[in-house]
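Notes follow once the structure below has been shown.
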There are 4 protein chains.
Amino acid sequence: MFEATVKLVNEIGFAASSVSKIAGEAGISPATLYIYYKNKEDLLVSTYVEIKRNIAGAVHEGFDETLPIRDILRRVWFRMFDYISRHPDYFQYTEQFAHSPYQALVDKGEIEAFFEPVIRVLRRGIEQKIIKNVDFHILTAFIFHPILAISNARVCLDFELTEKNIETAFAMAWDAVRL
Amino acid sequence: MFEATVKLVNEIGFAASSVSKIAGEAGISPATLYIYYKNKEDLLVSTYVEIKRNIAGAVHEGFDETLPIRDILRRVWFRMFDYISRHPDYFQYTEQFAHSPYQALVDKGEIEAFFEPVIRVLRRGIEQKIIKNVDFHILTAFIFHPILAISNARVCLDFELTEKNIETAFAMAWDAVRL
Amino acid sequence: MFEATVKLVNEIGFAASSVSKIAGEAGISPATLYIYYKNKEDLLVSTYVEIKRNIAGAVHEGFDETLPIRDILRRVWFRMFDYISRHPDYFQYTEQFAHSPYQALVDKGEIEAFFEPVIRVLRRGIEQKIIKNVDFHILTAFIFHPILAISNARVCLDFELTEKNIETAFAMAWDAVRL
Amino acid sequence: MFEATVKLVNEIGFAASSVSKIAGEAGISPATLYIYYKNKEDLLVSTYVEIKRNIAGAVHEGFDETLPIRDILRRVWFRMFDYISRHPDYFQYTEQFAHSPYQALVDKGEIEAFFEPVIRVLRRGIEQKIIKNVDFHILTAFIFHPILAISNARVCLDFELTEKNIETAFAMAWDAVRL
DNA sequence: GATGAATGAGTGTTCATTCAT
DNA sequence: CATGAATGAACACTCATTCAT
């Protein structure tokens, strides 16, 4: 059901992905779907949270708090791009979801918890005066959001994403946030 | 109809905004709506393009190409935040639209043309070795996208957006793109 | 308006031919159409009656009551095929109309009056014991209806209608009705 | 659903028979109808094909290829009138359908296959020089189409159809096609 | 567990028609 | 005469959801 949901949303869009179609894609009856999920909302939100957990796992792989902060962030940045290139469908799902009305139904705290390690690193960076002491929303707007913007360009438009491009982009992100 | 569309999309979301509901909000019959717009798609896309034109007009107000590039971008940056704070609903509409399947139906060239002056400035900045010579998608990911991320935080969450915050954020954006 | 109605009905069918589309085809406003016709029904029925009058005029061209009855009917038969091959659209309109619910709204007497001369000939043929003395519905079922069936085959299917075919068919019709 | 479709089409005509009305007549929800039929077209075409199969079954009842050709055709002819008098509504449905735009969507081959036995008899009649050697479209225009014309007169107008009338009409049809 | 059958409420869209201008 | 603007009612069709089996 998870896979069917993601696949369909990526093929025909969020709004057009009806319960019956998702059930059809999954090879089950719509009625069966309601055994596992309370309703459509539950299905979509659960799928979103699952992917986010998935992403968090991926970006923290080989996470080593003892490295210099710049290296940690750089690794997270690269892991993120790597994940998106391996799972463009999962990524696109989250992008669509995050801008839909369903977004309001997600427990933001739960999502943030997944990313706790890297957030803690940012906080340490501020304390150690390595990273600019600005509001967290502004910080993430410069080191996480550009990833999404760039990846979206790659998924939707004709933009080619090379290793060098990613390196350059990270350098810019680092320039933005470092003291 | 324009106002009704924006209002409803902001209140109940993109997917739930049916033609009848929009017509109801506008105080007209659904049939009447179809005199002015070819279909739902046309209504939504037209509304989007209209807002984008609107935004482009706002950010270019008092545009002065003779100023230093940093000052030009700073002005655009502030004008953008100003516009969003005056028209959070218009902004939110574009954010929702840009991540919906309708997004694919927009003539990207037309939209880009609206922002031609500022884009030309960026290009000049690269030529004059004031701005990093990187792909345009990457550049915009650092000087325009963070505005959206930050504004979204303001609209959706509890984030307060002060003059000083904006100034700080711009400094970061500039750090990211300047040579 | 007459031409537009016929043309559209032949292109998109009877049911799909809306008043607005007919007006559009005629290059006028739907409102204007209502100046000349009471309503849609009036438009369609009038068009039908007009064509029927047209057909009656055509089949009676060069009508000569003094000829032998077989020759008269043969001439009518050929004139009918000639008309249909010159105006397949008019013919098709009548066929569609005659099997639609609108058919009930036509003054059958008025239509029959158009064909009075040839009907009178049939009646004379019965009196002179040249034609079988059977109910008129049966008679027309054999000398007029086959024309429609054959013409329909030509219009809808791949059937080629040669001079010789028509001659043969008339011989069969005559065999059916003559004493 | 089958019965409801036929009944409604006969009562209010083909064009006015909407899916909701048919569903209403059948005592079910429009949505339910779509479980059994792909769409309106499917419903109408299926109903037509079903009736045609039905008719073919009826006219071939007691079909005996060893009888003289005239007797075979006479039996088919009478069986056809019998069917129509027992199911005037089914017959009327096919007449309306055959002149509607939906007609184009039917697999003509499938329908013809239902009537294969009697068609084979006609072919044999031609080979044995009992029936005129003319195009099949012309042949059927004289032995099958008049049935429809006569029956239509009975259904729509005031024409009374007696056993003697039918016998006379068949004699005429036979006169038309026999050598 | 799983599902076939069902549906009320809704979708986007077109209809025939009116009427002030 | 002609029409632009308007609409209530209907259209074909899909929705998320339920429930007896």
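Here is how the numbers come out for the structure above:
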| item | result |
| --- | --- |
| Search result, residues across the range B:32-71 that are more than 16 Å from DNA strand E (Cβ to nearest atom) and loosely packed, with under 13 Cβ neighbours inside 10 Å | B:G57, B:E61, B:G62, B:D64, B:E65, B:T66, B:P68, B:D71 |
| Qualifying positions in the range B:72-94 - surrounded by 15 or more Cβ atoms within 10 Å (Cβ to Cβ) and without any contact (Cβ under 8 Å) to a residue 60 or more places away in the chain | B:I72, B:R75, B:V76, B:R79, B:Y83, B:H87, B:T94 |
| Members of the range C:109-134 that are over 14 Å from C:A56 (Cα atoms), within 12 Å of chain D (Cβ to nearest Cβ) and charged (D, E, K, R) | C:K132 |
| Residues of the range C:20-31 satisfying the condition of being exposed (fewer than 15 other Cβ atoms within 10 Å of the Cβ) and more than 8 Å from DNA strand E (Cβ to nearest atom) | C:G24, C:G27 |
| Which numbered condition D:K52 misses (of (1) over 30 Å from D:N165 (Cβ atoms); (2) modelled with pLDDT of 95 or more; (3) of a type outside the set (G, A, S)) | (1) |
| Evaluation of B:S17 against (1) surrounded by fewer than 17 Cβ atoms within 10 Å (Cβ to Cβ); (2) not in a helix (DSSP H, G or I) (one fails), failing number | (1) |
| Matching residues, the range C:1-14, being assigned to a helix (DSSP H, G or I), within 11 Å of chain D (Cβ to nearest Cβ) and in contact (Cβ under 8 Å) with a residue 40 or more places away in the chain | C:V9, C:N10 |
| Helices (runs of 4 or more DSSP H) completely within the range B:103-179 that count 2 or more residues being closer than 21 Å to B:R70 by Cβ | B:116-127, B:136-143, B:145-156, B:163-177 |
| Among the candidates C:E3, C:E11, residue that is of a type in the set (D, E, K, R) and either within 16 Å of DNA strand E (Cβ to nearest atom) or in contact with a strand residue (DSSP E or B) (Cβ under 6 Å, 6 or more places away or on another chain) (or both) | C:E11 |
| Residues of the range B:135-151 satisfying the condition of being facing chain A (nearest Cβ under 7 Å) and of a type outside the set (G, A, S) | B:D135, B:H137, B:I138, B:F142, B:H145, B:P146, B:I150 |
| Residue match in the range B:97-109 (condition: within 22 Å of B:N165 (Cβ to Cβ) and surrounded by 18 or more Cβ atoms within 10 Å (Cβ to Cβ)) | no |
| The range C:25-48 - residue that is within 14 Å of another protein chain (Cβ to nearest Cβ) and over 21 Å from D:S17 (Cα atoms) and, of those, farthest from DNA strand F (Cβ to nearest atom) | C:Y48 |
| Hey, B:I131 touching a residue at least 60 places away in the same chain (Cβ under 8 Å) and out of contact with any Phe, Trp or Tyr (no Cβ under 7 Å at 6 or more places or on another chain) or not | yes |
| Output for the range C:162-179, where each listed residue is facing another protein chain (nearest Cβ under 9 Å), surrounded by fewer than 21 Cβ atoms within 10 Å (Cβ to Cβ) and in contact (Cβ under 8 Å) with a residue 40 or more places away in the chain | C:W174, C:R178 |
| Any hit, the range A:66-81, residues being within 16 Å of DNA strand F (Cβ to nearest atom) and at pLDDT below 95 | no |
| Qualifying residue in the range C:49-57 (condition: touching a strand residue (DSSP E or B) at 6+ places or on another chain (Cβ under 9 Å), more than 16 Å from DNA strand F (Cβ to nearest atom) and among the β-branched types (V, I, T)) | no |
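The values are calculated or read from the model by the stated rules, or taken from the named source; none is laboratory data. Please read these numbers as outputs of a predicted model, since none were measured by experiment. Because the Cβ atoms are built from the backbone with ideal geometry, glycine has one as well, and the counts that use them run over all protein chains shown.
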